[in-house]
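Taking it in order: structure first as structure tokens, then the write-up.
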Amino acid sequence: MIVKLAIDVPIFQLFDYFWNQEELLRDPRIGDIVRVEFRSKITSGIVLQINSKSSCVNDQERNLKSVLAIAPDLKVTQQIINLCQFSSKYYLRPIGEVLFGSIPSDWKKPNKWELLQKQKQKEEKKQKAPKSEEKPLLWELNEEQVSSLAYLKEVSNQNEFELILLKGITGSGKTAVYLSWLKEVLKDDEAQCLILVPEINLTPQLEKIVKEVFVDEEVTVLHSDITSAQRNIAWWKIQNGTSRVILGTRLSIFAPAKNIKAIVIDEEHDNSYKQQDGLRYNARDLAIWRASELKIPIVLTSATPSCETWHKVLHKKISLLALSRKAKEGASFSNLNLIDFGRARKNKKINEYGLSTEIHEVISRTRENNKQTLIYINRRGYAPILYCKTCSWKSSCKKCSAWMVVHKKIGSNRKVMQCHHCGSSQFTPISCPECGNQDLETLGVGTQKIEEYLKETYPEIDLIRIDSDSTKTKGSAEELFKKIHIGEPAIIIGTQMIIKGHDFQHIQSIIVIDVDKSLYSQDFRAVEKIFSQLVQVAGRAGRGKNAEGANIYIQTEFVDHPMFKALAEHKYDQFISDIVQERREYQLPPYSHQALIIAESKSEKINNEMLYQLKLYLEHELPKNIQISDPTPRVLQRLSGVERNQILIETNDRVKLQNILEKALDYIEVIKKKSRSIKLQIDRDPIQF
């Protein structure tokens, strides 16, 4: 027999191999993972088609290689094959790359198969844990929550696809509603459910709650921080139905659950659901497709839905469940206070660290009340730039069109400069590399610089800094969050890591600094993103009992910006609707569909020439209502020594976009065979430009 295999190579085709039943001892099955020789190397393939004859001509057929072995107990399910085939077509990536990217890395290595068998046998020998004697976590739901839960139960009983937005203010108990619903879903002994979260740092806290709710269930957690062995075991448990609750980040959308009955996408607006390299998929969108295929309900949750989701709500394409009240008794909204940065600077009430006199008053007052202050600045490190006053030299990265950020080395007063894009680092120079001046200064502030200053200013107050630098070691994030939950008076300094989903009971004051750079950006999604961040950060205060008097203070030069009015009056729906209307006027997503074709090489000139030729090729048979831009640099034009340029394709017709991208892909495949000096790739529905 002849089988057609997907192999993990950047080629848009399947590969023919002989299948010898006598040697392999059985017939082939769709989804089998097999060992083969490909281009003189031993690798693995996945069976996607079974034919009696090869598509090769006779001379070639005689030279076909044979499948060497079948991976024991490893198989890709038909559900996942269907999902990967859709992903391959929609995001225009080879099916082999997509399929092999969806399974654990050890599964695709024939030399690991024996070890995998031992791992599996060892796991199977473990006795099933007895039912827990602990009582599951239960919530006392308010009227809004009960009503939302009743609707979700009704939808589950219909066994049909339905897209639902569970929209609630921060602290309204969205998690309680959807976990209570999933508990009902799992009363079917065969059912499984999938919960997606945007980032790793959200997983441990939600994992704890999920395990407290599902005390008698196997909860499997998937994210990039688990080991290969943990991922292998997780995949088996999900595939055989042992694990019925799957919690994970974006890659979890490819989890091989056979009987998913419900999907939840927590914080659906978050950009972390979009993969930024390789297969540039959006896990939220793939989850909706998977739910549609399986004819099951899917719930998106957010306090600030994305424009794309809210647009569907306005056009009645999504069912809306709204939670407008705080779930905990005594919890309250934070009062918004704007600090006019321009006026404070004019009156000399801003210090060199960018903190106003009013902020110091807030910190002192909060300490007197034995409460916690949260300072939100979305910039890690010590300072964004090292600067020479004499010759204006700045610490630019040699490999990227970005600045080297100054970091204070842990346990040392020595500082290093690090590029947050390519990762290169070096010690800060003692003198200016250009003119020799030894009086170098740092421009701007990051979390480390604010921490250093506040330690000196408030030595009596405990300081907790939470960013990706302070939480590098395993378990460090959980320890820091534990310190916050104890409730001792403290100043907490954090980046985006601290604003999503955390239930802090003792924060009374929130201070937001350095927000203005996001208000006027070339990214048309900038205001939507910062609005979402500010709603989230405001929701970290006023969550505990007797939380009256919780305040958020925002330093800004643009106190009249409509976003701040919406925050002050809690008119989130109206503000998002206004953004949607603005997008309509300018025909931006969701009123249009976009794709980028990105060129990467050592030469910007080569990139632009290639993109311009591609544009001319596409314009030759261009349908109406499709626009193609001239070649432009990416926002971060040079990354790790590679120049990056792009053209943008826009249309209001998704089918026309698919057709034009397939034409572009044909052209790219021809270029790929001619030259390896340039790399061309397609980013469908981009969120980074």
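Looking only at residues of segment 450-467 that are touching a Leu at 6+ places or on another chain (Cβ under 7 Å) and more than 16 Å from residue 482 (Cβ to Cβ), we find that the one that is most open to solvent (accessible area, probe 1.4 Å) is 455. The single condition from (1) surrounded by fewer than 18 Cβ atoms within 10 Å (Cβ to Cβ); (2) more than 30 Å from residue 600 (Cα to Cα); (3) in contact with a Cys (Cβ under 7 Å, 6 or more places away or on another chain) that residue 351 fails is (3). Pairs are defined by a Cβ separation below 7 Å, a sequence spacing of at least 6 or placement on different chains, a first member in segment 200-214 that is under 12 Å from residue 136 (Cα atoms) and touching a residue at least 60 places away in the same chain (Cβ under 8 Å), and a second member that is in a helix (DSSP H, G or I) and hydrophobic (A, V, I, L, M, F, W, C); the pairs so defined are 213/179.
Considering 559, 535, 527, the condition of being open to solvent by 30 Å² or more (accessible area, probe 1.4 Å), in contact (Cβ under 8 Å) with a residue 24 or more places away in the chain and within 22 Å of the chain's Cα centre (by Cα) is satisfied by 527 alone.
Against the conditions (1) part of a strand (DSSP E or B); (2) under 25 Å from the mean Cα position of the chain (by Cα), residue 442 satisfies every one except (2). In this structure, does residue 579 turn out to be of a type in the set (Val, Ile, Thr) and closer than 15 Å to residue 664 by Cβ? No; evaluated as a whole, the condition is false for this residue. Quick one: in segment 390-414, which of the residues that are more than 20 Å from residue 601 (Cα to Cα) and in contact with a Cys (Cβ under 6 Å, 6 or more places away or on another chain) is surrounded by the fewest Cβ atoms within 10 Å (Cβ to Cβ)? The residue in question is 391. Determine whether segment 608-627 contains at least one residue that is open to solvent by 60 Å² or more (accessible area, probe 1.4 Å), without any contact (Cβ under 8 Å) to a residue 12 or more places away in the chain, closer than 30 Å to residue 421 by Cα and outside any strand (DSSP E or B). Yes; the residues of segment 608-627 include at least one that is open to solvent by 60 Å² or more (accessible area, probe 1.4 Å), without any contact (Cβ under 8 Å) to a residue 12 or more places away in the chain, closer than 30 Å to residue 421 by Cα and outside any strand (DSSP E or B).
Identify the residue in segment 503-524 that is surrounded by fewer than 21 Cβ atoms within 10 Å (Cβ to Cβ) and touching a Leu at 6+ places or on another chain (Cβ under 9 Å) and, among all such residues, is nearest to residue 208 (Cα to Cα). It comes out as 504. Screening residue 516 on (1) within 24 Å of residue 410 (Cα to Cα); (2) at pLDDT 85 or above shows it passes everything except condition (1). So, in segment 630-665, of the ones that are open to solvent by 40 Å² or more (accessible area, probe 1.4 Å) and assigned to a loop (DSSP other than H, G, I, E, B), which residue ends up nearest to residue 92 (Cα to Cα)? Result: 653. For segment 332-343, the criterion of being of a type outside the set (Asp, Glu), farther than 17 Å from residue 171 by Cβ, in a strand (DSSP E or B) and within 27 Å of the chain's Cα centre (by Cα) is satisfied by no residue at all.
When the residues of segment 93-105 are filtered to those that are assigned to a helix (DSSP H, G or I) and open to solvent by less than 10 Å² (accessible area, probe 1.4 Å), the one that is farthest from residue 44 (Cα to Cα) is 98. When segment 581-607 is limited to residues that are open to solvent by less than 10 Å² (accessible area, probe 1.4 Å) and of a type in the set (A, V, I, L, M, F, W, C), the one that is nearest to residue 655 (Cα to Cα) turns out to be 595. Going by what's in this entry, would residue 316 be described as more than 30 Å from residue 355 (Cβ to Cβ) and in contact with a helix residue (DSSP H, G or I) (Cβ under 8 Å, 6 or more places away or on another chain)? Judged against the criteria, residue 316 is not a match.
Scan segment 674-682 and give yes if some residue there is farther than 28 Å from residue 398 by Cβ and at pLDDT below 95, otherwise no. Within segment 674-682 (the criterion being farther than 28 Å from residue 398 by Cβ and at pLDDT below 95), the answer is yes, since at least one residue qualifies.
Scanning segment 236-286 for residues that are farther than 22 Å from residue 307 by Cβ, of a type in the set (A, V, I, L, M) and either in contact with a Cys (Cβ under 8 Å, 6 or more places away or on another chain) or assigned to a strand (DSSP E or B) (or both) yields 245, 246, 247, 260, 262. Of everything listed in (1) more than 23 Å from residue 687 (Cβ to Cβ); (2) of a type outside the set (S, T, N, Q); (3) open to solvent by 20 Å² or more (accessible area, probe 1.4 Å); (4) under 28 Å from the mean Cα position of the chain (by Cα), the single unmet condition for residue 569 is (4). If you check residue 381 against the conditions, is it touching a helix residue (DSSP H, G or I) at 6+ places or on another chain (Cβ under 7 Å), of a type outside the set (Phe, Trp, Tyr), assigned to a loop (DSSP other than H, G, I, E, B) and over 30 Å from residue 168 (Cα atoms)? Here the answer is yes, as residue 381 does meet what is asked. In segment 485-502, the residues that are closer than 13 Å to residue 533 by Cα and open to solvent by 30 Å² or more (accessible area, probe 1.4 Å) form Cβ pairs under 9 Å with partners that are at pLDDT 90 or above and among the aromatic types (Phe, Trp, Tyr), at six or more places apart or across chains, as follows: 496/376.
On the basis of being open to solvent by 50 Å² or more (accessible area, probe 1.4 Å) and at pLDDT below 90, does residue 444 make the cut? Judged against the criteria, residue 444 is not a match.
When you look at residue 308, is it open to solvent by less than 60 Å² (accessible area, probe 1.4 Å) and either touching a Lys or Arg at 6+ places or on another chain (Cβ under 7 Å) or assigned to a helix (DSSP H, G or I) (or both), yes or no? For residue 308, the condition - open to solvent by less than 60 Å² (accessible area, probe 1.4 Å) and either touching a Lys or Arg at 6+ places or on another chain (Cβ under 7 Å) or assigned to a helix (DSSP H, G or I) (or both) - is met. Taking the numbered list (1) over 18 Å from residue 493 (Cβ atoms); (2) of a type in the set (S, T, N, Q); (3) buried (at least 18 other Cβ atoms within 10 Å of the Cβ) in turn, residue 356 passes all entries but (1).
Among the numbered conditions (1) within 22 Å of residue 659 (Cβ to Cβ); (2) over 26 Å from the mean Cα position of the chain (by Cα), the only one that residue 595 does not meet is (2).
Among residues of segment 53-72 that are surrounded by 13 or more Cβ atoms within 10 Å (Cβ to Cβ), those with a beta-carbon under 7 Å from a residue that is modelled with pLDDT under 80 and charged (D, E, K, R) at least six positions away or on a different chain give the pairs 54/61.
The values are calculated or read from the model by the stated rules, or taken from the named source; none is laboratory data. Since the model is a prediction, treat every value here as computed from it, not as a measurement. All Cβ positions, glycine included, derive from the backbone under ideal geometry; neighbour counts span all protein chains shown. Remember, those area values only see protein heavy atoms, side chains included, never the ligands or the DNA or RNA. Shrake-Rupley method; radii C 1.70, N 1.55, O 1.52, S 1.80 Å.
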